[in-house]
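> Quick one: the structure is below, questions incoming.
The values are calculated or read from the model by the stated rules, or taken from the named source; none is laboratory data. Nothing here was measured: the structure is a model prediction, and the numbers come from that model. Here the Cβ positions follow ideal geometry from the backbone for every residue, glycine too, while neighbour counts run over all protein chains shown. SASA here: full protein model, heavy atoms, side chains in, ligands and nucleic acids out. Shrake-Rupley method; radii C 1.70, N 1.55, O 1.52, S 1.80 Å.
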Amino acid sequence: MTQSTAPQHLVSRFAPSPTGRLHVGHGWSALMAMDLARAAGGAFRLRIEDIDGTRSRPEHVDGIVEDLRWLGVAWDGPIIFQSQRLADYDAALDQLRAMDLLYPCFCTRADIQASLTAPHGPEGPVYPGTCRALPNAERTQRIAAGMPHAWRIDMQAAVARAGTLRWAALPYPIDPDAHAIDSPADPAAAGDVVLARKDAPASYHLSCTLDDAAMGVTHVLRGNDLRAATDIHRLLQALLDLPNPAYIHHPLLLGADGKRLAKRDGAIALAELRGAGMDPQRLADDLRAGRFPVGITAGAA
Ligand code: GLU
């Protein structure tokens, strides 16, 4: 194996959640992330985000692996499963608790919906902070009584501690000669987000940030629906003293109606295209060239 002499060994990744089969948009994203690494002589990793207890299904993991292989997506090293990394998530939660930046939240979805005054952030309604005000004794008592609870970050306190933050944005379409642009992070817009869920040991924000660091990911390529998440991930990196990768946000594949691709748009699952006899090499070439069997890209990258 040839070693890259570049000062930084580029590591990219694809991180699907096994909540269903992959569609064309996933395949396109995975190919772009793989090509980014290959062009730089770096490594491309695969991570399965399988700790969404309610929606993840083990049987989808095999499907994802099969679909990616069919499309010609090949990753380096073992597949990383989030379900095997729970101890790391726990340790980070302990660290943030010791910094006094987390509080238990006992609110139900209905409680939160009921607070109609809640403003909307980039990821939906901003949590009104009800449980932030609970006295410590009350918290201890409720936890001791076995009341289900999530752990939220005290965003104001976290931002005050971390100071002004920026993340490195690389452009889409990918340009190997492009320099990263400093993009200001505004994690506060999302409010007190959940870092450990009632039904899962860690939220997407926490597990993804920790995994990217543990896997040595230097370049995160993902859809621009996750742009606001990047602000939160940058904050967690600062608080937990983790490296901060560069980010490339690509447009999403949309149906002709301008909405995100869905089953109604026809045979868009890779498995269905395969079943219909599509040549995977031709599909991969088409996706790389921005020709999609279904869907159009739109939205600022
Ligand atoms: N698992 C996430 C998803 O399928 C992607 C996470 C990421 O790329 O950061 O949407």
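> Given the criterion within 26 Å of residue 170 (Cβ to Cβ) and either touching a helix residue (DSSP H, G or I) at 6+ places or on another chain (Cβ under 8 Å) or not in a helix (DSSP H, G or I) (or both), identify the matching residue among 63, 41.
Among 63, 41, only 41 is within 26 Å of residue 170 (Cβ to Cβ) and either touching a helix residue (DSSP H, G or I) at 6+ places or on another chain (Cβ under 8 Å) or not in a helix (DSSP H, G or I) (or both).
> Right, another one. Determine, yes or no, whether residue 30 is more than 19 Å from residue 209 (Cβ to Cβ) and small (Gly, Ala, Ser).
yes
> Give segment 274-301 a look and list any residue that's small (Gly, Ala, Ser) and at pLDDT below 85, or say none.
295, 298, 299, 300, 301
> Report, by residue number, each residue of segment 7-17 that is touching a residue at least 40 places away in the same chain (Cβ under 8 Å) and either near the ligand (Cβ under 9 Å from one of its atoms) or surrounded by 24 or more Cβ atoms within 10 Å (Cβ to Cβ) (or both).
12, 13, 14, 15, 16
> Of all residues in segment 261-273 being at pLDDT below 90 and within 23 Å of residue 61 (Cβ to Cβ), which is surrounded by the most Cβ atoms within 10 Å (Cβ to Cβ)?
268
> Taking residue 243 and the conditions (1) modelled with pLDDT of 95 or more; (2) within 15 Å of the ligand (Cβ to nearest atom), which numbered condition does it fall short on, given that it satisfies the others?
Failing condition for residue 243: (2).
> I've got another one for you. I'm told residue 190 meets every condition in (1) open to solvent by less than 70 Å² (accessible area, probe 1.4 Å); (2) more than 16 Å from the ligand (Cβ to nearest atom); (3) at pLDDT 95 or above except one. Can you identify the failing condition by its number?
Failing condition for residue 190: (2).
> A follow-up question, please. Please go through segment 163-202 and give me each residue that is polar (S, T, N, Q) and not in a loop (DSSP other than H, G, I, E, B), ordered by number.
The one that is polar (S, T, N, Q) and not in a loop (DSSP other than H, G, I, E, B): 183.
> Would a scan of segment 52-66 turn up a residue that is surrounded by 16 or more Cβ atoms within 10 Å (Cβ to Cβ), modelled with pLDDT of 95 or more, in contact with a Phe, Trp or Tyr (Cβ under 9 Å, 6 or more places away or on another chain) and under 30 Å from residue 281 (Cβ atoms)?
yes
> Could you check residue 76 against (1) part of a helix (DSSP H, G or I); (2) touching a strand residue (DSSP E or B) at 6+ places or on another chain (Cβ under 9 Å); (3) free of Cβ contacts under 8 Å to residues at least 40 places away in the same chain and say which number it fails?
Unmet for residue 76, out of (1) part of a helix (DSSP H, G or I); (2) touching a strand residue (DSSP E or B) at 6+ places or on another chain (Cβ under 9 Å); (3) free of Cβ contacts under 8 Å to residues at least 40 places away in the same chain: (1).
> Out of 166, 69, report the one residue that is of a type in the set (Lys, Arg), under 26 Å from residue 184 (Cβ atoms) and surrounded by fewer than 17 Cβ atoms within 10 Å (Cβ to Cβ).
166
> Quick one: count up the residues across segment 216-227 that are more than 12 Å from the ligand (Cβ to nearest atom) and either aliphatic (A, V, I, L, M) or surrounded by fewer than 18 Cβ atoms within 10 Å (Cβ to Cβ) (or both).
So the answer is 1.
> In addition: Pick from 231, 225, 265: which is acidic (Asp, Glu) and in contact with a Gly (Cβ under 7 Å, 6 or more places away or on another chain)?
265 is the lone residue from the list that is acidic (Asp, Glu) and in contact with a Gly (Cβ under 7 Å, 6 or more places away or on another chain).
> Out of all the residues in segment 118-161, which are closer than 14 Å to residue 186 by Cα, under 21 Å from the mean Cα position of the chain (by Cα) and of a type in the set (Gly, Ala, Ser)?
Result: 121, 158.
This table checks each residue for (1) outside any strand (DSSP E or B); (2) at pLDDT 95 or above; (3) open to solvent by less than 60 Å² (accessible area, probe 1.4 Å).
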{"site": "91", "(1), (2), (3)": "yes, yes, yes"}
{"site": "94", "(1), (2), (3)": "yes, yes, no"}
{"site": "104", "(1), (2), (3)": "no, yes, yes"}
{"site": "111", "(1), (2), (3)": "yes, no, no"}
{"site": "117", "(1), (2), (3)": "yes, no, no"}
{"site": "140", "(1), (2), (3)": "yes, yes, no"}
{"site": "158", "(1), (2), (3)": "yes, yes, yes"}
{"site": "161", "(1), (2), (3)": "yes, yes, no"}
